[in-house]
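Worksheet for the structure shown next.
The values are calculated or read from the model by the stated rules, or taken from the named source; none is laboratory data. Please read these numbers as outputs of a predicted model, since none were measured by experiment. Backbone-built Cβ (ideal geometry, glycine too); neighbour counts: all protein chains shown.
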Amino acid sequence: MATLEKIRSKAGLVIVVIGVGMAAFLLGDLMNSGGSMFRSSQMEIAEINGTTVSLPEYQAYLTELEDYYKLNSRSAGMDENTSYELRETAWNQLVQDVIMNEKYDELGIEVTSDEIFEMATGKNVHPQIRQMFTNPQTGIFDKQQVINFLSQKNNDSNARFYWMFLEKQIKKERLMKKYSELLNKGMFITTAEAQAEAEAKKAVVDFDFVVKRYRSISDSTIVISESEIKDYYNKNIENYKQDATREVEYVSFEVKPSAEDKEATLDWITKSRAEFANPDTDPIQYVKMNSETEYADRNWKKEQLSIQLQDFVSGAKVGEVYGPYLEGETYKLTRLVDIKEMPDSVKARHILLKDPAVADSLFNLVKGGANFADIARSNSQDPGSAINGGDLGWFNEGTMVKEFNDACFNGKKGDIVKVQTQFGIHIINIQDKGTPVTKYNIATLDRQITYSSKTNQQVYAQAAKFASQNKTYDQFNESIQSENLIKRYGRNIRQADRKVSNLENSREMVRWAFKADLKDMSEIFEFGDEYVIAYLTGINEEGYQSLASVKSAIERQLRNEKKAEQLIAEINNNKKGNDLNALASAINEEVQSANDITFASYQVPGAGVEPALVALATTAKQGEVSAPVAGNNGVFVVKVTNVTMDETDVEAAKAQMKQNNAYKVYQAYQTIKDKANIVDERIKFY
């Protein structure tokens, strides 16, 4: 029977996202149907298309993901980044479940228990299950392992949870696949369409062009009325949607080590010197017990050490100590542990094995004279070197893991040795060794200069004093100026943001900003090494940006449109025959050139990012001066000088179009999601 441990090692966290090309939204169905899971609650955390979601219901999603993560990582705890990512994944799954289940019900799409069983034990086994229950020795999927596991999983709570989690993922993937296939049937690609696509993309053009930029017309000559701005705003209102955001202003009191703290650190390292330098003290163990930085068991060439230590090791004897000395914000003592003549590099080959019995057998074979390279090619479980007979080439000391490194650098040329590392058992053949050089082994005791609790309390007292004396926003600004403090800003803060500006772990300020009223002062926040006091200075609710906030952008757009009309008229009036140079001279511009431009080109040298110019150049007739076209920064006229036709495979074009259709399925989901009425109030609790 495949044990849970074997399954876990094969599956990893990849089960959380299943399905090629749909990773962005093929997430698990973490709630079984059988009556609505969404019931009204006083602890509402969201509303999705009229469906109310309570905190316990969201927490059910989150807890299952957290349990799955812990089971795979073999860890009882999670850092803040992992917790955040799981919360976001749980939210995305919850939203998808609600809005897509509505679609599945509407279209009559379902997955039966028979289909699930077929994907587990039938002819077309799901790739994830196939991977989990494939015999590693034979590489063959073992259906009996699945059956045995299913019959016994109820005796193991972890195994049962693991399987149920996987089953839900597979079910959700199958539902989305059926939905995708339904959409794809409406996006059938004909050979004629693929041919047209291939033709459109195969032109590679060289062309000359002239641009008359909008800045050539003074803004003051273009009049934009208030009614024009308002009409544009109303017609394009959907372009001005906005999320709820907040603006804050804050002052930070950073906690830094004081002169007293620095002196205390120097005093500690100075007092440690006598014991560290004592011949009876084991310097390596002393560093392991007392240093903030771990001992690095390496032999260094002089030039690999800092300038200070280069001078020290050049004339020091084993056991001598250098320091205290300061590097950055850390005081250090360094003791010379050993001096060796060692090669700087070694050439070796190896055979990597997992099974100790097999390793012993092959070790005896190569020690007895068997062809090392042939055995490596046939047996080594390091595919990168096995193909080359196990050859690793030349490598410097410290490149390989310690056990492997020591075996190679301490052995003799021609030796065949066996050593175990975290990767398995290595049979190593030391093929050659470089010229010996002098190397130094050192042990460094260090202590970083950090602030004391006394210093921390002093800075907090400063922050508390500032907060008590500045209860209004006006006082806040006056004190910043009088005390020579720096006011900082947090702009466009969204509910889901994890921090404000560069403040460390400042999610709590985000939550405060969405609960506070305008011009409210915050409590004293502690973020990393800073105490922060903030005022809420701006509130933008979800909906549409006000006309006033986007007026200048609309005015600029309308102004450019009017300039484009004038420039197009000017170009048409000066355009005579097929002479681009004459046109350029008439409008006081120069002819520029661009080469090797295709329909997929992102930008044009000399013009910048101008999709309209790319489209014009790749569709214009060769040898003819085109009609003027308005772009992002000006009006363009082109004359194509050369066209090279790349032979684009029609089938390749069709495959690309199908791939684009797969992306359109993802876009379909995003469109459904964008149109859904989603109210996210997780900020109340997280």
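Filter the range 615-633 down to residues that are hydroxyl-bearing (Ser, Thr, Tyr) and crowded, with 17+ Cβ neighbours inside 10 Å and give me whichever is nearest to the chain's Cα centre (by Cα).
Filtering first and then ranking leaves THR618.
Failed condition for ASN595, given (1) part of a helix (DSSP H, G or I); (2) closer than 30 Å to VAL205 by Cβ, with all others met?
Here ASN595 clears every test but (1).
List the pairs whose first member sits in the range 123-143 and is farther than 18 Å from MET164 by Cβ and in the same structural domain as GLU167 (by TED's automatic domain parsing), whose second member is among the hydroxyl-bearing types (Ser, Thr, Tyr) and at pLDDT 80 or above, and whose Cβ atoms are under 6 Å apart, counting only residues at least 6 apart or on separate chains?
LYS143/THR121
Among the residues that make up the range 246-269, is at least one of them under 30 Å from LYS439 (Cβ atoms) and assigned to a helix (DSSP H, G or I)?
Looking for residues that are under 30 Å from LYS439 (Cβ atoms) and assigned to a helix (DSSP H, G or I), one finds at least one in the range 246-269, hence yes.
Scan the range 326-333 and give yes if some residue there is among the basic types (Lys, Arg), touching a residue at least 60 places away in the same chain (Cβ under 8 Å) and over 19 Å from THR421 (Cβ atoms), otherwise no.
Looking for residues that are among the basic types (Lys, Arg), touching a residue at least 60 places away in the same chain (Cβ under 8 Å) and over 19 Å from THR421 (Cβ atoms), one finds at least one in the range 326-333, hence yes.
Can you name every residue in the range 387-405 that is assigned to a helix (DSSP H, G or I) and either without any contact (Cβ under 8 Å) to a residue 12 or more places away in the chain or within 14 Å of ASN429 (Cβ to Cβ) (or both)? Please lay out each step first, then the result.
Let us first name the residues in the range 387-405 that are assigned to a helix (DSSP H, G or I), namely 402-405.
PHE404, ASN405 - these are the residues of the range 387-405 that are assigned to a helix (DSSP H, G or I) and either without any contact (Cβ under 8 Å) to a residue 12 or more places away in the chain or within 14 Å of ASN429 (Cβ to Cβ) (or both).
Test each condition in (1) under 27 Å from ASN441 (Cα atoms); (2) buried (at least 19 other Cβ atoms within 10 Å of the Cβ); (3) polar (S, T, N, Q) for ASN396 and report the one that comes out false.
(2)
Which one is surrounded by the fewest Cβ atoms within 10 Å (Cβ to Cβ) among residues in the range 447-476 that are hydrophobic (A, V, I, L, M, F, W, C) and under 30 Å from ALA264 (Cα atoms)? Give the derivation first.
Initially, the range 447-476 is screened for residues hydrophobic (A, V, I, L, M, F, W, C), giving 449, 459, 461, 463-464, 466-467, 476.
Now drop any that are not under 30 Å from ALA264 (Cα atoms), which leaves 449, 459, 461, 463-464, 466.
Values: ILE449: 18, VAL459: 18, ALA461: 12, ALA463: 20, ALA464: 14, PHE466: 20.
Filtering first and then ranking leaves ALA461.
Name the one entry in ILE18, ILE45 that is outside any helix (DSSP H, G or I), surrounded by 13 or more Cβ atoms within 10 Å (Cβ to Cβ) and at pLDDT 85 or above.
Exactly one residue qualifies, and that residue is ILE45.
Being in a helix (DSSP H, G or I), within 16 Å of ILE339 (Cα to Cα) and of a type in the set (A, V, I, L, M) is the filter here, so list the residues in the range 270-310 that pass it.
Correct list: ILE284, LEU309.
Residue by residue, here is whether (1) outside the structural domain of PHE466 (by TED's automatic domain parsing); (2) surrounded by fewer than 16 Cβ atoms within 10 Å (Cβ to Cβ); (3) in contact with a strand residue (DSSP E or B) (Cβ under 7 Å, 6 or more places away or on another chain) holds:
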| site | (1), (2), (3) |
| --- | --- |
| LYS519 | no, yes, yes |
| PHE527 | no, no, no |
| GLU565 | yes, yes, no |
| ILE571 | yes, no, yes |
| GLU590 | yes, yes, no |
| SER593 | yes, yes, yes |
| LEU613 | yes, no, yes |
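Quick one: which residue in THR63, THR51, THR82 is surrounded by 15 or more Cβ atoms within 10 Å (Cβ to Cβ) and either modelled with pLDDT of 85 or more or not assigned by TED's automatic domain parsing to the domain that holds GLU102 (or both)? Before the answer, list the steps.
Numbers: THR63 fails: surrounded by 15 or more Cβ atoms within 10 Å (Cβ to Cβ); THR82 fails: surrounded by 15 or more Cβ atoms within 10 Å (Cβ to Cβ).
Matching residue, one of THR63, THR51, THR82: THR51.
Kindly provide the set of residues from the range 477-493 that are within 35 Å of the chain's Cα centre (by Cα), over 26 Å from ALA259 (Cβ atoms) and surrounded by fewer than 14 Cβ atoms within 10 Å (Cβ to Cβ), ordered by number. Even if it seems obvious, please write down each step before you answer.
Residues of the range 477-493 within 35 Å of the chain's Cα centre (by Cα): 486-493.
If we keep only those that are over 26 Å from ALA259 (Cβ atoms) too, we end up with 487-493.
Scanning the range 477-493 gives LYS487, TYR489, ARG491, ASN492.
Taking the range 87-133, which residues are among the basic types (Lys, Arg) and more than 28 Å from the chain's Cα centre (by Cα)?
Applying the first criterion (among the basic types (Lys, Arg)) to the range 87-133 yields 87, 103, 123, 130.
Within the range 87-133, LYS103, LYS123, ARG130 qualify.
Spot the failing condition for ARG556; the list is (1) assigned by TED's automatic domain parsing to the domain that holds VAL251; (2) surrounded by fewer than 19 Cβ atoms within 10 Å (Cβ to Cβ), and only one is missed.
Unmet condition: (1).
Quick check on the range 176-204: of everything there that is under 22 Å from VAL614 (Cβ atoms) and basic (Lys, Arg), which residue is modelled with the highest pLDDT?
LYS202
Please indicate, with yes or no, whether at least one residue in the range 478-492 is in contact with a Leu (Cβ under 7 Å, 6 or more places away or on another chain) and not assigned by TED's automatic domain parsing to the domain that holds LEU266. Don't jump to the end; show me each part of the working.
We begin by selecting, within the range 478-492, every residue in contact with a Leu (Cβ under 7 Å, 6 or more places away or on another chain); these are none.
No: the range 478-492 contains no residue that is in contact with a Leu (Cβ under 7 Å, 6 or more places away or on another chain) and not assigned by TED's automatic domain parsing to the domain that holds LEU266.
Quick check, is SER385 of a type in the set (Ser, Thr, Tyr), over 21 Å from ASN405 (Cα atoms) and at pLDDT below 95?
no
Being within 30 Å of TYR531 (Cα to Cα), not small (Gly, Ala, Ser), not assigned by TED's automatic domain parsing to the domain that holds LYS402 and not in a strand (DSSP E or B): is that true of LEU326 here?
no
Can you pull out every residue in the range 409-438 that is without any contact (Cβ under 8 Å) to a residue 40 or more places away in the chain and hydroxyl-bearing (Ser, Thr, Tyr)?
From the range 409-438, those without any contact (Cβ under 8 Å) to a residue 40 or more places away in the chain are 410-415, 417, 419-422; that's our starting set.
Within the range 409-438, just THR421 meets the criteria.
Given the residues ILE539, ILE554, which is the only one that is at pLDDT below 95 and either over 30 Å from LYS621 (Cβ atoms) or polar (S, T, N, Q) (or both)? Show your work before the answer.
Working: ILE554 fails: at pLDDT below 95.
It is ILE539.
Taking the range 238-250, which residues are more than 30 Å from MET509 (Cβ to Cβ) and either surrounded by 13 or more Cβ atoms within 10 Å (Cβ to Cβ) or under 29 Å from the mean Cα position of the chain (by Cα) (or both)?
Of everything in the range 238-250, just one residue is more than 30 Å from MET509 (Cβ to Cβ) and either surrounded by 13 or more Cβ atoms within 10 Å (Cβ to Cβ) or under 29 Å from the mean Cα position of the chain (by Cα) (or both), namely ASN239.
Could you list all residues from the range 439-453 that are outside any loop (DSSP other than H, G, I, E, B) and touching a residue at least 40 places away in the same chain (Cβ under 8 Å)?
LYS439, TYR440, ASN441, ILE442, ALA443, THR444, LEU445, ASP446, ARG447, GLN448
Being over 22 Å from VAL643 (Cα atoms), small (Gly, Ala, Ser) and touching a Lys or Arg at 6+ places or on another chain (Cβ under 9 Å) is the filter here, so list the residues in the range 577-611 that pass it.
ALA582, ALA586
Can you spot a residue in the range 205-214 that is out of contact with any Phe, Trp or Tyr (no Cβ under 9 Å at 6 or more places or on another chain), at pLDDT 80 or above, in a helix (DSSP H, G or I) and in the same structural domain as ASP579 (by TED's automatic domain parsing)?
yes
Quick check on TYR531: is it over 24 Å from ARG87 (Cβ atoms) and crowded, with 18+ Cβ neighbours inside 10 Å? Before the answer, list the steps.
Details: over 24 Å from ARG87 (Cβ atoms): yes; crowded, with 18+ Cβ neighbours inside 10 Å: yes.
Criteria met by TYR531.
Identify, by number, the condition in (1) of a type outside the set (Val, Ile, Thr); (2) over 39 Å from the mean Cα position of the chain (by Cα); (3) surrounded by 15 or more Cβ atoms within 10 Å (Cβ to Cβ) that ASP282 doesn't meet.
(3)
State yes or no: is ILE427 under 25 Å from GLU530 (Cα atoms) and buried (at least 18 other Cβ atoms within 10 Å of the Cβ)? Break it down into steps so the answer makes sense when it comes.
Values: under 25 Å from GLU530 (Cα atoms): no; buried (at least 18 other Cβ atoms within 10 Å of the Cβ): yes.
No.
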